[in-house]
1. Between Ala28 and residues 5 or more places away or on another chain, which pairs have amide H atoms under 5 Å apart, with H built 1.01 Å from N, and which residues are they?
2. Between Ser204 and Ser49, what is 0.36 nm times their sequence separation minus the Cα-Cα distance? Round to one decimal in nm.
3. With helices defined as uninterrupted DSSP H runs, which ones in the chain have an alpha carbon span along their own long axis of at least 15 Å and mean Kyte-Doolittle hydropathy of at least -0.5?
4. For the pair Asp85/Phe289, report the inter-label distance in nm, with labels modelled 7 Å from Cα in the Cβ direction.
5. Could you estimate the translational diffusion coefficient of the range 105-156 from the Stokes-Einstein equation, with Rh from the Kirkwood formula over C-alpha pairs, at 20 °C and 1.002 mPa s, in whole µm²/s?
6. Starting from the Cα of Lys168, draw a straight line to each of the aspartates and glutamates and keep only those under 13 Å, dropping any in the same chain fewer than 8 residues away.
7. In a Gaussian network model over the chain where Cα atoms closer than 10 Å are linked, find which of Pro224, Pro83, Pro46 has the largest mean-square fluctuation.
8. If I stretch the segment between Lys108 and Glu184 completely, what's the gain in nm (0.36 nm per residue apart, minus their alpha carbon distance), one decimal?
Amino acid sequence: MKIAFIGLGNMGGGMAANLVKAGHEVRAFDLSADALDTARENGCTPCTSVAEAVDGVEAVVSMLPNGQIVLSAYTADVIGNAPKDAILIDCSTIDVATAREVSSQAAKAGYAMVDAPVSGGIAAAAGGTLTFMVGGTDDAFGRAETVLNAMGKAVIHAGDAGNGQAAKICNNMLLAIHMTGTCETFAMAEKLGLDPQTFYNIASVSSGQNWSMTSYCPVPGVGPQSPADNDYKGGFATALMLKDLRLAMEAAETANAPVPMGARAASLYEDFAGAGNGQLDFSAILKTF
Ligand code: NAD
């Protein structure tokens, strides 16, 4: 297929390269000249504008920083310039309301669109092992699936427009809750005289077991290898977790959903990032306790 790719940063760069590897012709646009150079080295065709990139394509994929940028890229440049039968796929993490707004403007102009945010970081983007959570009609999902399969290991239909973003922020809010809960519990166990490894051996086969403990343990030297064993470098940055939690808090307010646990986790991450820890892996929040 002939595919336009907009936003070739940490995530988009690897994703576009995987589309090329799968045999697609990729027309790339980014505001950064360095990102475009790397895209060229990876086999993409660099373009000088969004309008040029989407000319004559069958699909448009975007991986951009936030909702404002996504809204303006689609309404000002993609809609109207891409062929009407192109499937539009936004993989950025943005707020649910903006995702629904962009999708509705695309539909009014006659385009099929999905929001398809990802689970998995830079390594998964480069390795083609992302999980995509997709919001859109059955028809739009079917058309997007072929493109997304080349960049991920799982592509899941979450429902109508915006539901991909809803699934992403709900998942990450739950992750923040069980990570902070795991951290405070390990800190308390140690203060009560329990050796962390011994507590792990017990809790990991008891009802306190959860993913943050047994797949991504925040305590160095305990559980499988994780960013904790590398001074909390790599992994999922605290700043990105905070971005997702802010989106979750916004969505909770709009939906009138009480989220006392999510709100507490969000405020812990606000403080931790504010203290200069934004680039550390999100499991480093153990230091708070
Ligand atoms: P990034 O900052 O590395 O990349 C964003 C790219 O978009 C940059 O190259 C930038 O120049 C480009 N850009 C900005 N405005 C543009 C415009 N108007 N037109 C064209 N290009 C433009 O960010 P990233 O880490 O790749 O993240 C991208 C998205 O993926 C974000 O929404 C983020 O929340 C989400 N995400 C990131 C991760 C991660 O681990 N990095 C994981 C999951 C989801």
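1. Excluding prolines and chain starts, which carry no amide H, the hits are Phe5, Thr45, Cys47.
2. On the way: separation 155, 0.36 × 155 = 55.80 nm, distance 5.16 nm.
Contour length minus the Cα-Cα distance gives 50.6 nm.
3. Details: long enough: 96-108 (18 Å, -0.16); 138-149 (16 Å, -0.43); 163-191 (42 Å, 0.14); 238-255 (25 Å, 0.43); 260-272 (18 Å, -0.13).
Helices passing the filter in the chain: 96-108, 138-149, 163-191, 238-255, 260-272.
4. In this crude spin-label approximation the distance works out to 5.6 nm.
5. Values: Rh = 11.4 Å.
So the translational diffusion coefficient is about 188 µm²/s.
6. Excluding near neighbours in sequence, the set is Asp95, Asp115, Asp244.
7. Pro224
8. Details: separation 76, 0.36 × 76 = 27.36 nm, distance 4.89 nm.
Stretched fully, the Lys108-Glu184 segment lengthens by 22.5 nm.
Read the figures in this text as sums done on the coordinates, not as results from a lab. Every value quoted in this text rests on a predicted model; they were computed, and no experiment measured them. Reconstructed Cβ throughout: ideal geometry from the backbone, glycine too, with neighbour counts over all protein chains shown.
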